[in-house]
């Protein structure tokens with residue numbers, strides 16, 4: 001496996017933890033040459049590339065009236081443009097080597113649900129869903145499947161600090177989640193494994209939503225305060 005991130009120290013540490021079958025490359029995912037270098041590295045290391053997971057993502061909080069152009073461009077660059085660049089580079093390699101492949105794009109429930117202070121993030125995720133569909137149609141003739149995952153709120157370090165650190169934010173979040181808990185990273189990872197596998201051999205152009213029931217909900221649910229707050 002080859003993975004990429006801009007944080008060289010964290011990426012190097014994770015690669016060492018995962019073992020010798022993993023290679024890490026540090027760089028800017030919004031740059032075409034870096035996408036090509038990552039794909040070339042995977043092919044050089046393992047002989048071919050069969051699976052791509054586009055998972056880069058950033059957010060920026062701002063009202064619509066106050067949002068700066070540079071912040072809009074930055075979020076769209078990471079969350080959308082990088083998916084196009086890596087998707088194209090990987091798909092070209094898959095076509096050249098033959099045998100098809102699977103590409104997975106990380107979307108969000110916010111591809112459908114809007115948050116007023118997350119303008120570029122919401123826009124980027126809606127575009128990821130459309131990118132997934134158009135890639136799936138364009139690459140079907142080459143036996144390359146393209147699907148997306150649209151998680152609800154997942155218990156990453158960022159989410160725990162940004163959302164669960166505030167009792168009010170925690171209550172708001174859980175009140176709109178029928179399963180009344182955050183998702184776990186491994187629950188999203190298992191969806192990715194499924195979409196990459198032959199078990200999903202007849203699926204393409206789809207977005208799967210591991211969201212605890214959030215998209216199906218049109219009301220809030222009562223939340224029992226288990227923390228004594």
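Using r as the Cβ-Cβ distance of residue 221 and residue 72, and R0 as 30 Å, what FRET efficiency do you calculate, to the nearest 0.05? Numbers along the way, then the final one.
On the way: r = 34 Å, r/R0 = 1.14.
Between residue 221 and residue 72 the formula returns 0.30.
Counting only DSSP H runs of at least 4 residues, each contributing -39500 (n - 2.57), and dividing by the residue count of the chain, the helix-based mean residue ellipticity at 222 nm comes to -13500 deg cm²/dmol.
For segment 57-124, the alpha carbon convex hull comes to 73 Å³ per residue, rounded to a whole number.
For the chain, the longest principal axis of the C-alpha atoms and the axis of helix 119-139 are separated by about 40°. Separation of segment 67-117 from segment 124-188 is 13 Å, based on Cα centroids.
In the chain, what is the volume of the convex hull around the alpha carbon atoms, normalised per residue and reported in Å³? Before the final figure, lay out each step's value.
On the way: hull volume 32.6 nm³, N = 229.
Expressed per residue, the convex hull around the Cα atoms of the chain is 143 Å³.
For the chain, the relative contact order comes to 17 percent (Cα pairs under 8 Å, sequence separation of at least 6).
Each residue, residue 88 and residue 184, gets one label point 7 Å from its Cα in the Cβ direction; the gap between the two is 4.0 nm. From the Kirkwood radius over Cα pairs of segment 9-62, Stokes-Einstein at 10 °C and 1.306 mPa s returns a whole-number translational diffusion coefficient of 123 µm²/s. In the chain, the longest principal axis of the Cα atoms and the axis of helix 32-46 are about 70 degrees apart.
Taking the longest Cα principal axis of the chain as reference, the axis of helix 82-97 is set at about 30 degrees.
Rule-based calculations on the coordinates, nothing more; no lab input. These numbers were taken from a predicted model, which means no experiment stands behind them. Cβ atoms come from the backbone with ideal geometry, glycine included; neighbour counts cover every protein chain shown.
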